[in-house]
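A.B. asks: Before we start, here is the structure in question, set down as structure tokens.
The values are calculated or read from the model by the stated rules, or taken from the named source; none is laboratory data. Note that the structure is a prediction, hence the values are computed from the model and not measured. Methodologically, a virtual Cβ is constructed for each residue, glycine included, from the backbone with ideal geometry; neighbour enumeration extends over all protein chains shown. Note: areas computed on protein heavy atoms with side chains; ligands, DNA, RNA excluded. Shrake-Rupley method; radii C 1.70, N 1.55, O 1.52, S 1.80 Å.
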Amino acid sequence: MMGFQAAPAQLFYDFSLEEHVPADHLLRCIDRHLDLDSIRAQLKPYYSSTGRPSIDPELMMRMLIIGYSMGIRSERRLCEEVHLNLAYRWFCRLGLDGKVPNHSSFSKNRHGRFRQSDILRHLFETVVERCLAQGLVGAEGFAVDASLIAADANKQRSVPSAEWKTDEAKEDASRSVQEYLAVLDDAAFGAASPVTPKFISPSDPAAQWTGAHKGHAFFAYATNYLIDTDHGVILDVEATRAIRQAEVGASRTMIDRTENRFGLKPRYVVADSAYGSADNLAWLVKHKQIAPHIPVFDKSNRTDGTWSRDDFIWDGENDRYICPEGKELVRFRRNYAHPRGAPAKDGTLRYRASQKDCRACPSKPRCCPNMSHRKIPRDVNEDARDVARAIAKTPNYEQSRHRRKKVEMLFAHLKRILRLARLRLRGPYGARDEFLLAATAQNLRRLAKLRPMHLQATTMAL
């Protein structure tokens, strides 16, 4: 006989929300590690002492964590999901009859007290402290990298940079334009490079026009991660323009901030060749005393069959190069009344061979066939490059290069699982908010995976 499902006619129900959330649910594990006690104290100065009670800021924080942990990109949809999903209601402490706030509450608080108090940075650092307490950060080695995230800007409505007038933009400027004008002198944005982009988006002028993906150019921001290579915990995150200078500057900012905030200083830092400039290597080696496990960014190798700079021997004690034929290349060949030692404006020192030596040299066709004598430029921080080259020959370098892939895996997880391939918020502050929340969600998911509830319960029982 075919069955028939009829709605039960009970008037009262005995229902426990706690019993209907699976014990191994991701949000249960996240809730175990989430500490929001300091949220109220951090935000209290930004609330009025009179008037109607506001929406609980802890509720909004929990809803945002759900959205970024579960890949729910729309705040309208997030409110709908929290209203319908029992596990989400349990995580937000709403019960069955708790009222879900309107989606517009997030925008009002984000542009107001959330940014004024920097609460999202505080939340992120609270989760990092939890990772430290759980022993997930070894601080032996850090890895740094950047990834491009498409901005919420339509390239069809962009304008050439020559047509963009800053003075005209100040009149009736939108919020994203105001934020752009506020960061013109910021090292991560306007001051990162004197080169102006080819196009500018009127809706989000801080977004960088870039063709770095070797395909169609698009507007983007860069999210910069500093991670510990032991378990891939994100120790810091920074939003910048999508250019190399800004990303390298962000790596320094994150290393300094991690040391000042958590007292963590790595023995070595791993990165790709974009971070291998002489200036950045000198900052790591000389200023921070950190070993750079970074490929040297060097264009001195020749491809026309003639001798490169590596074929010459550097004699540091006598400040000279020795060519393969045994002749010396020096900076000066006569004594000056006032010693000259300053490098050129581009930060290089130039060493020259004697024209007499080169003219009679049998290897001149292999050395400088189109010049009267050989010249070799040497960066003022070439000694830091030499340190990086020496490290690149060690077995530890190969191991650290393999561990660097963890940061690339985090970017893949960010875009494919958390669905942050395109920003929803505009402006540099909007990008910063999204990157902070996404990194917080990734660390919480990492905690839930590596320190699940049953493991902690067993430890506490022992």
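A.B. asks: Quick one: what are the phi-derived ³J(HN,Hα) couplings along the range 50-65, Karplus 6.51/-1.76/1.60 with θ = phi - 60°, whole Hz, x for glycine and proline?
C.D. replies: Running phi through 6.51 cos²θ - 1.76 cosθ + 1.60 with θ = phi - 60° gives 10, x, 6, x, 7, 5, 4, x, 5, 4, 5, 5, 5, 5, 5, 5 Hz.
A.B. asks: Using a 7 Å offset from Cα along Cα-Cβ at E140, what residues in the range 222-242 end up with backbone N under 15 Å from the label point?
C.D. replies: Taking a point 7 Å out along Cα→Cβ of E140, the residues of the range 222-242 whose backbone N falls under 15 Å are 228-233.
A.B. asks: At a 1.4 Å probe, what is the % contribution of carbon and sulfur to the accessible area of the range 1-115?
C.D. replies: Percent of accessible area from carbon and sulfur atoms in the range 1-115: 53.
A.B. asks: Still on this model: Suppose only helical runs count, i.e. DSSP H with n ≥ 4. What mean residue ellipticity at 222 nm does that imply for the chain under -39500 (n - 2.57) per run, divided by all residues and rounded to the nearest 500 deg cm²/dmol?
C.D. replies: Value at 222 nm, helices only: -11000 deg cm²/dmol.
A.B. asks: How far, in nm, would the chain grow between H122 and R261 when pulled straight, counting 0.36 nm per residue and subtracting the alpha carbon separation?
C.D. replies: Roughly 48.9 nm would be gained on extension.
A.B. asks: Another question, if that's okay. With an 8 Å Cα cut-off and a minimum separation of 6 or more residues, compute the relative contact order for the range 47-97 in percent.
C.D. replies: 29 percent
A.B. asks: Also: What is the set of long-range amide H partners of R374 at a cut-off below 5 Å, with H atoms built 1.01 Å from backbone N?
C.D. replies: When sequence neighbours closer than 5 places are left aside, the close amide H contacts are A353.
A.B. asks: Then there's this: Could you give each residue of the range 426-434 its phi-based ³J(HN,Hα) in whole Hz, using Karplus coefficients 6.51, -1.76, 1.60 with θ = phi - 60°, and x for Gly or Pro?
C.D. replies: Once rounded to whole Hz, the list reads 10, x, x, 6, x, 5, 4, 4, 5.
A.B. asks: First check a/c for the range 201-325, with a ≥ b ≥ c the square roots of the eigenvalues of its C-alpha gyration tensor; if it is under 1.5, answer rounded, and if not, answer prolate when a/b is larger than b/c or oblate otherwise.
C.D. replies: Since a/c reaches 1.5 but b/c is at least a/b, the shape of the range 201-325 is classed as oblate.
A.B. asks: Accessible area, 1.4 Å probe, largest first: how do S48, S74 sort?
C.D. replies: Descending order: S48, S74.
A.B. asks: Separate question: Within the range 356-379, what residues put their amide N at less than 17 Å from the label point 7 Å along the Cα-to-Cβ vector of E325?
C.D. replies: 356-376
A.B. asks: Calculate the FRET efficiency for R416 and R32 from the Cβ-Cβ distance with a Förster distance of 30 Å, rounded to the nearest 0.05.
C.D. replies: 0.70
A.B. asks: Now, a different point. Please list, ordered by chain and number, the residues whose modelled amide H lies under 5 Å from the amide H of R320; skip anything fewer than 5 residues away on the same chain.
C.D. replies: D315
A.B. asks: Next question. With both bridge residues required to lie in the chain, what share of the DSSP beta bridges run antiparallel, to the nearest 5%?
C.D. replies: 80 percent
A.B. asks: While we're here: Report which label in (1) 108, 64, 57; (2) 81, 54, 40; (3) 84, 45, 41 holds the value of Cα extents along the principal axes in Å derived from the coordinates of this structure.
C.D. replies: Working out Cα extents along the principal axes in Å from the coordinates points to (1).
A.B. asks: Give me the dipole magnitude in Debye, nearest 20, for the chain about the Cα centre, with unit charges on the beta carbon: positive for Lys and Arg, negative for Asp and Glu.
C.D. replies: Dipole of the chain, to the nearest 20 debye: 1400 debye.
A.B. asks: Between A217 and E58, what's the calculated FRET efficiency when r is the beta-carbon distance and R0 is 51 Å? Round to 0.05.
C.D. replies: E(calc), rounded to 0.05, equals 0.75.
A.B. asks: For the range 220-286, with every protein chain kept in place, what is the accessible area per residue (1.4 Å probe, Å²)?
C.D. replies: 28 Å²
A.B. asks: Follow-up question, since we're still on this one. Go through 236-243, 196-203, 157-164, 278-285 and give me the packing order, highest mean Cβ count within 10 Å leading.
C.D. replies: 236-243, 278-285, 196-203, 157-164
A.B. asks: Of V21, M61, P45, which is farthest along the charge dipole of the range 11-128 in the positive direction, counting Lys and Arg as +1 and Asp and Glu as -1 at C-beta?
C.D. replies: The residue sitting most towards the positive pole is P45.
A.B. asks: Related question: Nearest 20 debye, what's the magnitude of the dipole of the range 43-199 about its Cα centre given +1 on Lys and Arg Cβ and -1 on Asp and Glu Cβ?
C.D. replies: Around 620 debye, computed over the range 43-199.
A.B. asks: Report, in degrees rounded to the nearest 10, the 0 to 90 angle that the Cα long axis of helix 119-133 makes with the longest principal axis of the chain.
C.D. replies: 80 degrees
A.B. asks: Taking the Cα centre as origin and putting +1 on Lys and Arg beta-carbons and -1 on Asp and Glu beta-carbons, what dipole magnitude results for the range 352-462, to the nearest 20 debye?
C.D. replies: 420 debye
A.B. asks: Relative contact order for the chain: what percent, with Cα pairs under 8 Å and sequence separation of 6 or more?
C.D. replies: Rounded, it is 20 percent for the chain.
A.B. asks: Mind listing the phi-derived Karplus ³J(HN,Hα) values for the range 228-240, rounded to whole Hz, using 6.51, -1.76 and 1.60 with θ = phi - 60°, and x for any glycine or proline?
C.D. replies: Computed from phi, the couplings for the range 228-240 are 8, 7, 5, 10, x, 6, 7, 8, 7, 9, 8, 9, 9 Hz.
A.B. asks: Also, I was wondering about something else. In terms of modelled amide H atoms, which long-range or inter-chain residues lie less than 5 Å from the amide H of D236?
C.D. replies: L226
A.B. asks: How much length, in nm to one decimal, is gained on full extension between K286 and N301, taken as 0.36 nm per residue of separation minus their Cα-Cα distance?
C.D. replies: So the extension gain works out to 2.9 nm.
A.B. asks: Sticking with the crude label model, points 7 Å out along Cα→Cβ, report the distance from E80 to A191 in nm, one decimal please.
C.D. replies: Spacing of the two 7 Å Cα→Cβ label points: 4.5 nm.
A.B. asks: Taking R0 as 51 Å, what's the FRET efficiency between K449 and A360 from their Cβ-Cβ distance, rounded to 0.05?
C.D. replies: E between K449 and A360, to the nearest 0.05, is 0.15.
A.B. asks: Continuing with the same structure: Give K327/K364; K299/K375; K393/K449 a once-over and call out the pairs whose C-alpha atoms are over 24 Å from each other.
C.D. replies: Listed pairs above 24 Å: K393/K449.
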